[in-house]
1. When you scan segment A:224-255, how many residues do you find that are within 14 Å of another protein chain (Cβ to nearest Cβ) and part of a helix (DSSP H, G or I)?
2. May I ask you to list pairs of residues, at least six apart or on different chains, whose Cβ atoms are under 7 Å apart, with the first in segment A:236-247 being within 10 Å of residue A:108 (Cα to Cα) and touching a residue at least 40 places away in the same chain (Cβ under 8 Å) and the second being of a type in the set (Val, Ile, Thr) and part of a helix (DSSP H, G or I)?
3. I'd like to verify a number: residues in segment B:89-111 that are within 11 Å of chain A (Cβ to nearest Cβ), farther than 16 Å from residue B:135 by Cα and not hydrophobic (A, V, I, L, M, F, W, C), how many?
4. Going through segment B:124-169 one residue at a time, which ones are more than 20 Å from residue B:186 (Cα to Cα) and either touching a residue at least 40 places away in the same chain (Cβ under 8 Å) or surrounded by fewer than 16 Cβ atoms within 10 Å (Cβ to Cβ) (or both)?
5. Give, as residue ranges, the helices (runs of 4 or more DSSP H) completely inside segment A:1-99 that count at least 2 residues that are free of Cβ contacts under 8 Å to residues at least 24 places away in the same chain.
6. Please state which one of B:26, B:40 is at pLDDT below 90, more than 20 Å from residue A:93 (Cβ to Cβ), crowded, with 20+ Cβ neighbours inside 10 Å and touching a Ser or Thr at 6+ places or on another chain (Cβ under 7 Å).
7. Do you know which of the residues in segment A:102-147 that are outside any loop (DSSP other than H, G, I, E, B), of a type in the set (A, V, I, L, M) and within 14 Å of another protein chain (Cβ to nearest Cβ) is surrounded by the most Cβ atoms within 10 Å (Cβ to Cβ)?
8. I'd like to know if segment A:197-212 contains one or more residues that are assigned to a helix (DSSP H, G or I) and buried (at least 19 other Cβ atoms within 10 Å of the Cβ).
Amino acid sequence: MRNVLIIWRKELRSYFVSPVAYLLLAMFAVIFGFFFWNILGYFVFTSMESQMRGEMFPMNVNEQVIRPLLSNVGVIGLFFIPMITMRLFAEEKRSGTIELLATSPIRDGEIILGKWLAALTLYAGLLLLTALNFVFLFKYGSPDWKPLAIGYLGLLLQAGALLAIGMFISTLTKNQIIAGATTFGVCLLLWVLEWVGGYETATWASVLSYMSVVTHIGSFSKGLLDSKDVVYYVTLIFLGIFFTARSLESLRWRS
Amino acid sequence: MITVKELTKRYARNTAVDHISFEIQKGQIVGFLGPNGAGKTTTMRMLTCFMPPTSGTATVAGFDVLEEPMEVKKRIGYLPETPPLYPEMRTGEYLEFVGRLKGLRKPELEKRVDYVCERCAVADVRDKLISKLSKGYRQRVGLAQAIIHNPDVLILDEPTAGLDPKQINETRDLIKSLAGDHTIILSTHILPEVEQTCEQVIIINKGKVIATDSVNNLQSRARGAESVLIEVAGRNGSLDSAAIQSRLEKVSGVNKVVFKEKKESRNVFEIESGKGRLVRGDLARAIVEAGWDLNELRPSAMSLEEVFLQLTGQPEAAPKEAAAAKGAS
């Protein structure tokens, strides 16, 4: 556990001594802010309209603001994850520091866990920044906080899975750009697989659609904690970490 | 301290290390000598548990590298060919990180960082970013990193590669000063480096050990006798080379005088003398007494190529090795 913390600290530090972390935080805050403003503006517009017509549509902040907002964040996340994971192992392989880690009295699993947790911590930092927007929502409205918390949990789980996959891809190359581009492609694919389910009802289509990370974020955004979706993400996390471990091990046999 | 038996590393197409065996006693400095691609780095990587051997065994401080890698890693300090540095860290910060990685804890850790900074002369760049350091400093930070946890065994892969002559001397002195506390293996393809720093030499070529010996024995084995290059010039005009040669041959202890070349008034000879006979003073005196000028007198350096030639006794294989060694230096 101590070794995991050592690696975790070192990784977080290197995110924050380079402009990477600040750039990601700023961009994420701006994009999320735009979505928040946009969705809230639409919500205000529809509620005004329904008032003028005299029709009383049920308006719900949770349903009409938080839910679409959180599903959108899930998609933005896909674009940010490659930038977080691409350097994790590619950089160590390029600069030769992997030799230092591999010849220190520390297990591969501890290195991997430390790096994954550091990446997840940075992503949690991005999400934390978005809480600023919700402060206003709670000040002027009265949304239910529980679905919001579950939505964030879903986002964290989704990020954890994609970060683990990105970390695995980063062990395969010395080149950060290749690692980043491949991770981006995989993330994108895991998103668009969902579309198949939109028109095709055959079994293979539902299997493909089930594999998409976006399919499983839906219930979380609604505020539902579905064990099926939790299992999906946790499985992906384990798979990503497992493949990373195997890849590191094979590196020793080959290099 | 280190026992290697029939250690082998095979890749898909080639065998990098082929059944090598050797033993290293505690407190020795051992030079690992061989041309590039001889298998030095691969052997070191197996000893540091970076990669597992294909077959054979290696034990470091009584622990097998395959059975108990954690115990081996705790007792080894390793400096790879390129120092494993994080450019975005400061020197002190980096050494602290490595110390933690090797299992040091707070009060002890601070003491060790202070100590290695002092020892490796990097105290003045402690707060500097590693990316801003010069090559010589980086190498010393690399060494500091290797000794931070006071390991029993130090493994240094070409510690002087790419440094300027002044830095090379400083690094050699540093390594020699570390010898008392640690058993050291260093690899190199430069023969004088082994002569200057090591007590024991293991020469490997094409993945095989071709000689294991002390430095003194190796020198005499390779040389058999001492040889000196001498350049003689006349005060006024050209000299008769034959006259000089016959005069030099009369000096006691000289076995053979070979005329090398003549440039204007300067004559160059290579002189071989019996082992242990110090003939240089007598040669100088003889030339000066004859009224000639002594321009140059130096022991002729034995190159790695020649050592290989003599040790392997395969003249036809030698040119290839020589080319490899030259290309590397």
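The values are calculated or read from the model by the stated rules, or taken from the named source; none is laboratory data. Bear in mind the structure is a predicted one, so any value in this text is a computation, not a measurement. All Cβ positions, even for glycine, are placed from backbone atoms using ideal geometry, and neighbour counts span all protein chains on display.
1. 7
2. A:244/A:112; A:245/A:112
3. 8
4. Answer for segment B:124-169, where residues must be more than 20 Å from residue B:186 (Cα to Cα) and either touching a residue at least 40 places away in the same chain (Cβ under 8 Å) or surrounded by fewer than 16 Cβ atoms within 10 Å (Cβ to Cβ) (or both): B:124, B:127, B:128, B:129, B:130, B:131, B:132, B:133, B:134.
5. Those helices (runs of 4 or more DSSP H) span A:2-17, A:20-53, A:87-95.
6. Residue meeting the stated conditions: B:40.
7. So, considering only residues that are outside any loop (DSSP other than H, G, I, E, B), of a type in the set (A, V, I, L, M) and within 14 Å of another protein chain (Cβ to nearest Cβ), the one surrounded by the most Cβ atoms within 10 Å (Cβ to Cβ) is A:111.
8. Among the residues of segment A:197-212, not one is assigned to a helix (DSSP H, G or I) and buried (at least 19 other Cβ atoms within 10 Å of the Cβ), which makes the answer no.
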